[in-house]
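These notes are about the structure you will find just below.
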Amino acid sequence: IEARRGVFVSDYRTSGSFALLSSLLSYSGGNLDPAFTQSMLEMRLLVEIETARLAALQRSAEHLARFEQILQIEANVPRENGALTELDFSFHLLTAIASGNLVYPLILNSFKKVYTHLTGRFFQQYGQTAVVDEVFTLHRRLVSAIDARGGPEAAAVMAEMLRHGERFLKQIP
């Protein structure tokens, strides 16, 4: 808004922020444009593959202990949407924290609302199926690669995990 000139619409791609993304999600009732959802999945792939690679190189004993706690909870968690969604977000956030990069956890936290919306739909649809069993298997494989300080292996497992989720998420109407 410019005084005595009028109101101008900005191109969100040149002036938007994470706050705008969150607002768009709230305004649309959680239903994002398919192209926007695809863009989110592509960005997530890029960022999270790198967090996994770095986590394998930078992780501490404390990070490994926290990963093991999450894996233990996964083994016993009730297969309800909310519990699975929060647990999955905690796993991915811990991977970002273990990366040692101070910005990656901030990015994930900034996208939490969008992230949990997408994963919530995934877990609502597949929570009681072998699809989620595969997610938990991939989590264990990723922790193993991080424990072994296998950066390339951790990156490959994260890529496999995200592509697995994307493949099934795209099947939800």
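The values are calculated or read from the model by the stated rules, or taken from the named source; none is laboratory data. Worth saying up front: this structure is predicted, and the values here are computed from it rather than measured. FYI the Cβ positions are ideal-geometry reconstructions off the backbone, even for glycines, and counts take in every protein chain you see. Calculation scope for accessible area: heavy atoms of the full protein, side chains included, ligands and nucleic acids excluded. Shrake-Rupley method; radii C 1.70, N 1.55, O 1.52, S 1.80 Å.
A few comments on the model shown:
- The residues of the range 89-109 that are among the aliphatic types (A, V, I, L, M) and within 21 Å of residue 74 (Cα to Cα), listed by number, are 93, 94, 96, 97, 98, 108.
- Filter pass, residue 155 being within 12 Å of the chain's Cα centre (by Cα), modelled with pLDDT of 95 or more and farther than 25 Å from residue 33 by Cα: no
- Here residue 121 passes the criteria (1) basic (Lys, Arg); (2) assigned to a helix (DSSP H, G or I); (3) exposed (fewer than 14 other Cβ atoms within 10 Å of the Cβ) except the one numbered (3).
- So residue 159, is it in contact (Cβ under 8 Å) with a residue 12 or more places away in the chain, open to solvent by less than 50 Å² (accessible area, probe 1.4 Å) and small (Gly, Ala, Ser): yes
- All positions within the range 85-111 that are open to solvent by 70 Å² or more (accessible area, probe 1.4 Å) and within 10 Å of the chain's Cα centre (by Cα): 109
- Filter result (open to solvent by 60 Å² or more (accessible area, probe 1.4 Å), without any contact (Cβ under 8 Å) to a residue 24 or more places away in the chain, closer than 27 Å to residue 127 by Cβ and part of a helix (DSSP H, G or I)) within the range 51-84: 69, 72, 73, 76
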